[in-house]
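> Dropping the structure in here first, questions after.
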């Protein structure tokens, strides 16, 4: 008797995708953002219909600069990582890699070998994430606070 293994790889890949995406549940909801240099703004994370991507809507302000756009975060099977594309209102397209490990959120600009990254820790109740973006020669502190009544945890 033989066993058809043609769907095992697809099932394993689907399980890996689902498990990786579920780590992003901690982000779902509406957040205010504040930080050094006068950074203020709002972000909203929601699942795309079907659950294949987490979508982030961004509206950030700093003196002399506004960043607005939409980011799609999904599972990249080739790398086994959560990768994203951010589409800025200015026309830029940026790529990031996400990882949630326990209470630590890490976001790299580009791939995990990038020196530009954000490390932020969630509070015990999941309502605050405090951290900093760092890159060679610079960086800034950032705090996200979940809005009261916001969907999420």
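Rule-based calculations on the coordinates, nothing more; no lab input. Fair warning: this is a prediction, and the values are worked out from it, not measured in the lab.
> Compute the length gained on full extension between residue 145 and residue 77: take 0.36 nm times their separation in residues and subtract their Cα-Cα distance, giving the result in nm to one decimal.
Extra length available between residue 145 and residue 77 comes to 21.4 nm.
> Tell me, in nm to one decimal, what length is gained between residue 95 and residue 66 on full extension, where the rule is 0.36 nm per residue of separation less the Cα-Cα distance?
Taking residue 95 through residue 66 to full extension adds about 8.6 nm, to one decimal.
> Moving to a separate point now. Normalising by the residue count of segment 27-146, find the relative contact order in percent from Cα pairs under 8 Å and 6+ residues apart.
18
> Moving on to the next point. If each DSSP helix of 4+ residues adds -39,500 (n - 2.57) and the sum is divided by the residues in the chain, what number results at 222 nm, nearest 500 deg cm²/dmol?
-3000 deg cm²/dmol
> Where a ≥ b ≥ c are the square roots of the eigenvalues of the C-alpha gyration tensor, would you call segment 27-146 rounded, which needs a/c under 1.5, or, failing that, prolate if a/b is larger than b/c, or oblate?
Note, shape of segment 27-146 comes out rounded.
> Let me ask something else. Helix 8-22 sits at what angle to the longest principal axis of the chain, using alpha carbons and giving 0 to 90 degrees rounded to 10?
20
> Once you have the Cα-Cα distance between residue 25 and residue 114, take 0.36 nm times their residue separation minus that, and quote the gain in nm to one decimal.
29.6 nm
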